[in-house]
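Heads up: the structure comes next, in structure tokens.
The values are calculated or read from the model by the stated rules, or taken from the named source; none is laboratory data. What you are looking at is a predicted structure, and each value in this text was computed from that prediction instead of being measured. Reconstructed Cβ throughout: ideal geometry from the backbone, glycine too, with neighbour counts over all protein chains shown. These area figures cover heavy atoms from the full protein model, side chains too; ligands, DNA and RNA do not enter into them. Shrake-Rupley method; radii C 1.70, N 1.55, O 1.52, S 1.80 Å.
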Amino acid sequence: ACGMQASLTKLAWRSGIVGDALGRVLILWSIPLLISLISLVWLRNCALWDGIVFYLEIALPSALLGGAFGAAFSMLFHSRRTSSLVFAVFWVLTLVLSLLPGYTNPQLFTYGWQYGFFPGLVWDEALELSNAYLIFRVENFVWLAFVVSIPIAIGSTSSLLKRAGIPAALALAACWMFSQNDGFHITSSHARVEHSLSRVSRPAHGCVVHYDSASLTAEEIEQVNADIRWYLYDVRQRFLLRDTSSPINIYIYPSAESLNDLVGTRAASIAKPWLGELHIAKGNLHSLKHELTHVLLREKAAWPFYASWSTGLTEGAAMSVEPEFDGIYSIDEHAAWILQLHYASGVKPVMAFSGFASNASTKSYVLAGSFSRYLLRTYGAEHFNHVYLWLDFEKEYGKPIDMSVICVPTKA
């Protein structure tokens, strides 16, 4: 009777901890939703229902999981300070681990229990949650059940075998689901991508093209190979690049949908200089030289992304190698018209990350590209490569960036 009473007391204590944690979580979770709904009095939102659905599907599970994990650590460590510290370490560690696939794999998207789904730093017209998200959330709750089962097992008076059975079974289930993340499309590894793009071509030393044989004919892949050889030579000459030994992997997807499934974007082509690779749909091969420039310029950049810390210089360098912007006019001519029509007062704003991202892409890319071409043409590649890495315009060019001008031709 005493043992049963003690078990009931522990159960009530644990239920109280969980109930209190989840109650606080739901209150905090509801505040942004209420503010958004109240703001509709002043702000119109044509996607209100979509926003509510996403908030329920993403924010609610994340909030509940956070509260439940916190309650589990409170049960495991009776000291509030210890449980808070362990939970903080757990939160940071699992966040970093959740973001790693976006760095080490071809994919842009990542899944994390704290934020649900992150599509990557690209823009597409529609954001959709697939079955992978549902499976990922199931996996989250299996891991939660495992963590909760540990303090329950420790406090149990059953035999060691019985106490360890449930946590062990939950740990095995969670580990099995984690090992199947590639198959569930929660991750997209190089092995998965290369299984889909199973044909290989080698246009130059250290350069490998991965493609689907059904999407490119022998003549088309030969033309691609010829283009790549020219791009490699031309870009290396423009920027005085000497590294010809680092591997380059080019993944050509048969369609935008295939690119979206494996990488996570329909509209954009993607370069990952730190991995020495780029991902592009067959329909976007016109931007192959642009993306290849990002990869080659890793030689002049630094860890962890091997690109300039200025988005304007990163994209401007790649834009500068393109002879025409739209097939009719040069990038310099478009930049001249932007300035003459007062759509921009200069290039300084777009050379900063916030300015580049906040302006229309046509304006940012054009101005950054024309300015980079001007720097290369006027001062040479050596100075440009130094500023690409260190961002010290005044040291390299003898004047701050706001005193620079773009010398561009005009057309009547």
Using modelled amide H (1.01 Å from N, peptide plane; none on Pro or chain starts), what sits under 5 Å from the amide H of residue 107, excluding residues fewer than 5 places away? 188
Indicate, rounded to the nearest 5 percent, the antiparallel portion of the DSSP beta bridges found entirely in the chain. 50
Between residue 253 and residues 5 or more places away or on another chain, the pairs with built amide H atoms under 5 Å apart involve 280, 281, 282
Counting other Cβ atoms within 10 Å of each Cβ, which trypsin sites (Lys or Arg not before Pro) in segment 26-125 have at most 14 and sit in a DSSP loop? 44
In whole Å, how far is the Cα centre of segment 196-210 from that of segment 299-355? 30
Obtain the nm distance between the two label points defined at residue 255 and residue 27 by a simple spin-label model: each point lies 7 Å from its Cα along the Cα-to-C-beta direction. 5.1
State the extension gain, in nm to one decimal, for the chain segment bounded by residue 38 and residue 85, taking 0.36 nm per residue of separation less the distance between their alpha-carbons. 13.3 nm
Distance between the C-alpha centers of segment 126-182 and segment 81-107? Whole Å please. 17
Using the Karplus curve 6.51 cos²θ - 1.76 cosθ + 1.60 with θ = phi - 60°, work out ³J(HN,Hα) for each residue of segment 271-284 in order, rounded to whole Hz, and write x for Gly and Pro. 10, 10, x, 5, 9, x, 9, 9, 10, 8, 7, 4, x, 10
What ranking, highest mean first, results for peptides 358-370, 237-249 when packing means the other Cβ atoms within 10 Å averaged over each residue? 358-370, 237-249
Beta bridges by DSSP in segment 191-278, antiparallel share as percent, to the nearest 5: 45
For the chain, go through all pairs of different Cα atoms, get the mean of 1/r, take its inverse, and jot down that Kirkwood value in Å. 25.0
State the Cα centre-to-centre distance between segment 379-400 and segment 213-234 in whole Å. 34
Can you pull out the GluC sites (Glu not before Pro) in segment 110-185 whose DSSP state is coil and whose Cβ has at most 10 other Cβ atoms within 10 Å? 125, 128
Quick one: net charge of residue 37's neighbours, Cβ under 15 Å, K/R +1, D/E -1? 0
For residue 121 and residue 324, compute 0.36 nm times the residue count separating them, minus their Cα-Cα distance, and round to one decimal in nm. 70.5 nm
Among 290-299, 173-182, 144-153, how do they line up from the highest to the lowest mean number of other beta-carbon atoms within 10 Å? 290-299, 144-153, 173-182
What does DSSP give for segment 244-354 in terms of the percent of beta bridges that are antiparallel, rounded to the nearest 5? 40
Pop out the ³J(HN,Hα) list for segment 247-264 in order, Karplus 6.51 cos²θ - 1.76 cosθ + 1.60 with θ = phi - 60°, rounded to Hz; leave Gly and Pro as x. x, 10, 10, 10, 9, 10, 8, x, 7, 5, 5, 5, 4, 5, 5, 8, 10, x
Could you list which residues have their amide H under 5 Å from that of residue 277, counting only those 5 or more apart in sequence or on another chain, with H placed in the peptide plane? 249, 272
Compute the length gained on full extension between residue 52 and residue 194: take 0.36 nm times their separation in residues and subtract their Cα-Cα distance, giving the result in nm to one decimal. 47.3 nm
Under 15 Å from the 7 Å Cα→Cβ point of residue 237, by amide nitrogen: which residues of segment 204-231? 227-231
For segment 225-381, taking Cα atoms only, what is the radius of gyration to one decimal and the Dmax to the nearest whole Å? 15.5, 46
Quick tally, 1.4 Å probe accessible area for 401, 228, 154, sorted with the most first, runs 154, 401, 228
Proximal lysine pairs in the chain, meaning Cα under 15 Å and 8 or more positions apart or interchain, come to 4
